[in-house]
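Below you'll find the structure, written out as structure tokens, and then a few comments.
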Amino acid sequence: MRWDALFNDLEAQFEEGDKLSVEAEIAERSRVEAAGAGVADRLRGSVGTLVKVHVESGAIFEGTLTYAGADAFVLNDKRNQVLIPHSAVSRYAGLGRFSLGEPSVVRSRIGLSNALRALARDRSELTVILRDTNVLESGVTGVIDRVGLDYIDLADVRPGESRRALQVRQVSTIPFSALAAIRSPYVGEL
């Protein structure tokens, strides 16, 4: 009987050791996986959830995360869609714990400039919020005339007016590095 108790005890110790070994390996793999995930991966893992985004200017945007690209993402709130460059963000609240790599090579190449070119082509009226904009200011409203390598030309027109040469008050050249967010009225998919 003593031998049975000894072997049962040894077997229990080995099973517990194996369980601890497996748990340690899972924890280590999780740490390695998290170390290789970028913010774009975390955002992709949170698409469809409600998040709050604090940008460097102090402005806060809250909405459903609908798209997460390599260098920008889109939030939908009740009235607007907001395109926010990753580089303008100081803090995220509400991101899930999951990360999701970009499975599409084509989508991984779509960047901020591609989205801005689409907005310029559509002649969409936008509000551009700059990184150095006072939180109480609403931004600059206009239509994107041109998108360069690292800048946009924004034609300043009165809200609700279409972009016509006589209605342009001025054209501002805005470097991508100055962009905090670009807000457009919600009309469905961006």
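Observations, loosely collected:
- Additional length obtainable on full extension of the chain from Asp4 to Ser124, 0.36 nm per residue less Cα span: 35.2 nm
- Distance in nm between pseudo-label sites at Arg97 and Arg146 (7 Å out along the Cβ direction from Cα): 5.0 nm
- Label point distance in nm, Asp153-Val171, each placed 7 Å from Cα along Cα→Cβ: 0.2 nm
- Stretched out straight at 0.36 nm per residue, the stretch from Glu15 to Thr64 would grow longer than its current Cα-Cα span by 13.1 nm.
None of the figures in this text is laboratory data; all of them are computed from the coordinates on show. Nothing here was measured: the structure is a model prediction, and the numbers come from that model. As a convention, Cβ positions derive from the backbone with ideal geometry for all residues, glycine included, and neighbour counts pool all protein chains shown.
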